[in-house]
Amino acid sequence: EPEVTQTPSHQVTQMGQEVILRCVPISNHLYFYWYRQILGQKVEFLVSFYNNEISEKSEIFDDQFSVERPDGSNFTLKIRSTKLEDSAMYFCASRRGQPQHFGDGTRLSIL
Amino acid sequence: GEDVEQSLFLSVREGDSSVINCTYTDSSSTYLYWYKQEPGAGLQLLTYIFSNMDMKQDQRLTVLLNKKDKHLSLRIADTQTGDSAIYFCAESIGDTASKLTFGTGTRLQVTL
């Protein structure tokens, strides 16, 4: 069965550095999402992407965040200047109809 | 705005049924979902229900939706130790590019 794949599984970065989290959604899917989960908390929506543009973003998704779909397969989340509070598990999801299919996540640790 | 609430913890004995409850506030929810998360792992979709349905059954899982009370439940029959995990309910509203709003998660502990 096709899966959403995310790389790396764990990323350790110094505060202030840029980080790019990568996702390969399921190939015929049209809607793409990023969520994050701070340790011990619930999953929070960051951004949705459709037809090569952001369709919705949350308050968390400020100017430090950006998303791209640079080719037909990858979907990336970039954090320009990481802060300690960006430490979390980041999940990518995609769908064509319903439901959303999630990747296994990237654990981002900011030192 | 959307808000989804769950009780934090549930403990059941192996072989018993588990019922995990969820309440949501937005009456225009179109789909409601249950995801399972094991420690350090990703989100595994268990089942989902369209808002015009009352019930959905899938093997050991039964989802009940009371739209009037905005209440969703997940029943796991014959609960096993492998069912120990955190269970999240989530709602989506509308269809186009609809985000998911997750509940706080219920930790299910299965004891022998």
Span from the segment A:30-92 Cα centroid across to the segment B:57-81 one, whole angstrom: 30 Å
Net +/- balance of residues flanking A:Met89 in space, Cβ distance below 12 Å, scoring K and R +1, D and E -1: 0
Local electrostatic count, B:Ala85, Cβ distance below 12 Å [Lys/Arg +1, Asp/Glu -1]: 0
Nearest-0.05 FRET efficiency for B:Arg60 and A:Thr76, computed from C-beta distance (R0 41 Å): 0.60
Efficiency of FRET from Cβ geometry, A:Ser58 and B:Arg13, R₀ 35 Å, rounded to 0.05: 0.30
Nearby lysines by direct alpha-carbon distance to A:Lys83 (threshold 26 angstrom, same-chain neighbours under 8 apart not counted): A:Lys42, A:Lys57, B:Lys99
Partners for B:Lys67 among lysines (Cα-Cα distance below 19 Å; same-chain residues under 8 apart left out): B:Lys56
Under 10 Å, Cβ to Cβ, from B:Gln44 - net charge with Lys/Arg +1 and Asp/Glu -1: -1
Heavy-atom surface of the protein assembly as shown, accessible at 1.4 Å and reported per residue (Å²): 49 Å²
Occluded residues from segment B:20-58, i.e. those whose accessible area drops by 50 Å² or more once the chain is not alone (1.4 Å probe): B:Leu43
Calculated FRET efficiency for the pair B:Thr25/A:Arg69, C-beta based, R₀ 30 Å, to 0.05: 0.35
Debye intensity ratio in log₁₀ form over the Cα atoms of chain B, taken at each q of 0.13, 0.19 Å⁻¹: -0.45, -0.94
Beta bridge orientation in the protein assembly as shown: antiparallel %, DSSP, nearest 5: 90 percent
Heavy-atom accessible surface that A and B bury in contact, both chains counted, 1.4 Å, Å² to 100: 1700 Å²
Percent carbon-and-sulfur accessible area, the protein assembly as shown, ignoring ligands, DNA and RNA, probe 1.4 Å: 46 percent
Lys, Arg +1 and Asp, Glu -1 on Cβ, resulting dipole of the protein assembly as shown about Cα centre, debye, nearest 20: 160 debye
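The values are calculated or read from the model by the stated rules, or taken from the named source; none is laboratory data. For clarity, every value in this text was computed on a predicted model and none was experimentally measured. Cβ sites come from the backbone with ideal geometry, for glycine too, and all protein chains shown count toward neighbours. All accessible areas refer to the heavy atoms of the entire protein, side chains included, with ligands and DNA or RNA removed. Shrake-Rupley method; radii C 1.70, N 1.55, O 1.52, S 1.80 Å.
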